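Report on the structure given below.
Coordinate-derived values only; no laboratory data. The structure presented is a predicted model; accordingly, all values stated were derived computationally and were not measured. Methodologically, a virtual Cβ is constructed for each residue, glycine included, from the backbone with ideal geometry; neighbour enumeration extends over all protein chains shown.
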Amino acid sequence: MNILEMENLTKHFGGLTAVSQLSLHIRPGEILGLIGPNGAGKSTVFNCIAGVFPPSEGDITFDGQSTKGQNPWDLCRKGLARTFQIVKPFASKTVLYNVMVGAFLHLRTTSQARDKAMEVLTLLNMADTCDQLAGTLTIADRKRLEIARALATDPKLLLLDEVMAGLRPTEVDEMIAIIKGLRDRGVSIFVIEHIMRAVLALSDRVVVIQFGCKIAEGTPEEVTKDENVIKAYLGGDYVVA
């Protein structure tokens, strides 16, 4: 059974159709990449999956159950966690505090939440920052903190929204290794990313959308050779006849 199935997802905002008849699936233990030009509808797809926006049409199934009528916190409790493109930690609180917030989804005592948070921070090579104020972190560490807070909820599926944006090449390589390590621990991952090198290195499959519609799907190698993908990113002049 697929961990996520999306059938003909459509989302309207008034007269604007942000996503149109989009279907895709994610297998357990898979990393699926979602790419497309700015404004293609990628974040809207994530918001629909996570329960922020109800679909106008179509259906989304997570872990065998429809997400219709479920709130983001309901889905998170069932194992669907996400990060956000613009990270907003509790800047005046410690790194440990920020991650404990996620751990309290399932845990009830402070000691349990602290132990879980330290486990996650150690996994992400951030244990030495546990007492640091989140607002003093570098952008790379803020991105990792965002992932840590989501991981503390024990997700089955993790939605990563441009967690490598703004990172230096060496930091991108570190983030790629982290994400692959999460998949190896059994977490399925759906990632939006503009850094093509990262998409190629991470994804088992890639879905490409433009104007809310799917224009390609396949392995990273397949989609990078697709004429429609090349046109969407580089323009028709770059397509080899």
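Structural remarks
- Counting only alpha carbon atoms, the long axis of helix 139-151 and the longest principal axis of the chain meet at about 80°.
- Relative to the Cα centre, the charge distribution of the range 110-214, modelled as +1 at Lys and Arg Cβ and -1 at Asp and Glu Cβ, gives a dipole magnitude of about 320 debye.
- Selected from 140, 103, 32, residue furthest toward positive end of dipole (the range 4-238; charges at beta carbon): 103
- Taken about its Cα centre, the chain carries a charge dipole of roughly 640 debye when the Cβ of each Lys and Arg holds +1 and the Cβ of each Asp and Glu holds -1.
- Theoretical gain in end-to-end length, residue 108 to residue 156 [0.36 nm per residue, Cα-Cα removed]: 15.2 nm
- In Å, descending, principal axis extents of the Cα set of the range 117-205: 38, 28, 17
- Shown here are the Rg and Dmax of the Cα trace of the chain, at 18.0, 64 Å.
- Taking the longest Cα principal axis of the chain as reference, the axis of helix 169-184 is set at about 80 degrees.
- By the rule of a C-alpha distance below 19 Å, with chain neighbours fewer than 8 residues away ignored, the aspartates and glutamates paired with residue 225 are 193, 204, 217, 237.
- Between helix 110-123 and the chain: long-axis angle, C-alpha atoms, 0 to 90°, nearest 10: 50 degrees
- The range 110-168 and the range 47-104 have their alpha-carbon centroids 15 Å apart.
- Cα-projected label distance for residue 91 with residue 65, points at 7 Å along beta-carbon direction, nm: 3.8 nm
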